[in-house]
Amino acid sequence: MTKFGQSQYSGRREDQRFLTGAGRYIDDHAVADALVVFFLRAPVAHARITTLQTAEARALPGVHLVMTAADLDAAGFSGVLRGAQTNNRDGTLGALPIRQVLADQFMRFVGEPVVMIAAETMAQAKDAAEAIDLRYETLPAALTLAPGAPTLHPEAPMNTAFDWAVGQEQATMAALENAKHRVRLSVLGNRIIANSMEPRGAQAEWLDGHLHMTFNGQGVWQLKADLMKHFNLPAQNVRVTIPDVGGGFGMKSFYYPEHLALAAGARLAGRPLAWMSERTEAMLSDNAGRDLVAEAELGFDADYRITGYRVDVRCNLGAYNSQFAQEIQSTLFSKVLTGAYDIKNAFMTCQGFYTNTTPVDAYRGAGRPEAITTLERAMDHAARVLGQDPWALRRRNFIAPDAFPYATASGGLYDVGEFTKVLDRAYQVSDAAGFPARRTQSQAQGKLRGLGLAFYIESILGNPVEAAEIRFEPNGRVSLRVGTQSNGQGHETVYSAFLAQQTGIPVEQIDIIQGDSDEIPEGGGTGGSRSVTVQNSATLNTTTKMVAAFTPFLAQELGINAQELQFEEGTFQSPATNRRLTLLEAADLARTHGRTDLLRHRHSYELEGRSFPNGAHVVEVEIDPDTGETAVLRYAVTDDFGVIMNEKLVEGQVHGGIAQGLGQALCEQVVFDENGQLLTATFMDYAMPRATDMPPVVFTTECVPSLMNPIGMKGCGEAGTVGSIAAVSNAVLDALWSRGVRHIDMPLTPHRVWQYLQAAKA
């Protein structure tokens, strides 16, 4: 076996096919005779359906199926989508309103699927949709994050989904009351849309009682389990596959009504069905992210050490419980409630509310960016109002290296951390010491320059168990079957490099197999920055046991004692003989002797605990006070990702995360009118960050290996987003502070920034 983290970057294996047009995405996989699917969706946010006539649509040329909720019921399919329920403060469970696959009596958000049409062509399907007679009684729309709006569900009076809490309430309140200094801040987490490069899509086909569904998701096993449940099928009769995926970001980690509708419709039509979302359709129906308000309060003693921290969150669930929705701004937010700081007394509450909007669920970071943004905005605000240096205030309150393992006030356990070391490196590489001179230069040009700092810590999430299977194939190649699912991160590159590193098998002879429930019996998919950490740990466990399994066989063949046989640098060798065997040669020998048991090895691994990536983001912005336009000029980040397998892939993940955080901070925002109509359903109306908005990023690391997995990795997929939102926001406020601006809310668009400046003049 070799040391970890020694792989050299030689380009992503995936890029050859992706950049030459050979990638195979969901719309490249439809079977030849598949009918195309179009969904008639709710045109209003809240209404009672009074008429739904489909006879004319069914009679149109090329139309094979027009399916309503009544049709599903008549076919004996009573599918109901359910989401997680969190615990209320009184010990009861959060609300669980019924969500039908297709809207039945009520429509509760614009874009909710009402009717599914399957036809020979998309034009025919859309013609059929226009022929459907849908009439309804419009009802008042509930859009506020507070009790008392028009009720959406009888299961949730006053639209309250849950009322959750964690921490030390009495001790925290006492600490705040007795604090020398108290600082309060309200932080808005604006609603955003994931907008992955490839929108959602899926295909369903039935053959001899077997269901095969292909979709562009983040794992096959949850959907398989749900299809088995909804259609009362045994495991061997359900296959779920995932091809190449053009981005997921949490939004594709769940199953949606469309998946169940396609499966049911394919059975009714007797033909395969294929659906691919259009962009506006996706913006209307994809689960959104964020959408919360956090009220934060920090207490400090006379030495400016934090004595207490309280956060009250109100979050938007949209019209229904999505799969993880109730847990995002409660449980997952609390994972890093106190950040990297030594805070003994902390208390958090979270209330979730239903509104007549698209459901909200996980988006890159899932609760941790929201928690860190709240805390780091509050820390910067505290530094300003208390007259403290923001760098020094953070250093003073960091958890000391000798305090680990550290039990957090919200019930977490951090294994390791050297936060001051990371922050000091960020100070150096960002040239923070030179900022005053750069600010003076900007002032001379009539511009406002600001420096923003955020220190984040992230908790790795997802299933802690993963398996890996290594097969020596008859063609001389080696396949590695993995339970994670690439969404563009470069998994094929890092998994094959790691296996090559541990076994000596040439990387070009390794194939990565993923996304097929028939080939891989179980897995945790991708999400929560888990993939490389847990998958490589499983691969390491499998290679270790594989070598152990080969050893007695090879020792017998070589005529030596098994204890004398060593596996080093990819070769079985012993001082007792000059013969050397690679694993590929050993596999050929095993095949020759009929030892097929040695040609396939599958083992799992369970993480000992969660790991906690952390780091510092330092941003400089320049604002034109005449227009409010913000330019991000400099960006430096220092991360602690533990042992790094491929620094270029890690850097790419950080860059992508920063772009998403920058987008939320500066331009992205979902807007509904007073009737619940989405006003930002195209890229003409919804502002996405462009390449020109991204500054050069100075990426450095100060890594401390994790103790919670054998490799020492910490994960990196969401870290860029977790740290960037607060850093950019803090930089903007720093620039505006000299003009009297004391509070800002995202997104910090030119118009909004200009308004802040004008209001400060008044």
Filter region 744-762 down to the residues that are loosely packed, with under 12 Cβ neighbours inside 10 Å and outside any helix (DSSP H, G or I) and list them by number.
Ala762
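Answer with yes or no whether Glu608 is under 30 Å from Asp415 (Cα atoms), among the charged types (D, E, K, R) and surrounded by fewer than 18 Cβ atoms within 10 Å (Cβ to Cβ). Spell out how you get there, then give the answer.
Details: under 30 Å from Asp415 (Cα atoms): yes; among the charged types (D, E, K, R): yes; surrounded by fewer than 18 Cβ atoms within 10 Å (Cβ to Cβ): yes.
So Glu608 fits the description; yes.
Just name the residue that is farthest from Tyr341 (Cα to Cα) out of those in region 586-611 that are polar (S, T, N, Q) and not in a helix (DSSP H, G or I). Steps first, please.
Going through region 586-611, the residues polar (S, T, N, Q) turn out to be 592, 596, 604, 611.
From what's left, not in a helix (DSSP H, G or I): 604, 611.
Details: Ser604: 35, Ser611: 17 Å.
My answer is Ser604.
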Name the single residue, out of those in region 167-190 being buried (at least 21 other Cβ atoms within 10 Å of the Cβ) and touching a helix residue (DSSP H, G or I) at 6+ places or on another chain (Cβ under 6 Å), that is farthest from Leu298 (Cα to Cα).
Gly189
Using the structure shown, decide if Ala34 is surrounded by fewer than 18 Cβ atoms within 10 Å (Cβ to Cβ), among the aliphatic types (A, V, I, L, M) and modelled with pLDDT of 90 or more.
no
Which residue is surrounded by the fewest Cβ atoms within 10 Å (Cβ to Cβ), if the candidates are limited to region 209-240 and must be touching a His at 6+ places or on another chain (Cβ under 6 Å) and more than 18 Å from Gly79 (Cβ to Cβ)?
Arg239
Which one of these does Asp303 not meet: (1) under 30 Å from Leu386 (Cβ atoms); (2) touching a helix residue (DSSP H, G or I) at 6+ places or on another chain (Cβ under 9 Å); (3) part of a strand (DSSP E or B)?
(3)
Any residue in region 83-94 that's touching a residue at least 24 places away in the same chain (Cβ under 8 Å) and under 11 Å from Asp163 (Cβ atoms): show its pairings with residues that are small (Gly, Ala, Ser) and in a loop (DSSP other than H, G, I, E, B) at Cβ separation under 9 Å, as long as the two are six or more apart or on different chains.
Thr86/Gly94; Asn87/Gly94; Asn88/Gly94; Gly94/Ala84; Gly94/Ala156
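The values are calculated or read from the model by the stated rules, or taken from the named source; none is laboratory data. Treat the numbers as computed from the prediction; the structure is a model and nothing was measured. All Cβ positions, glycine included, derive from the backbone under ideal geometry; neighbour counts span all protein chains shown.
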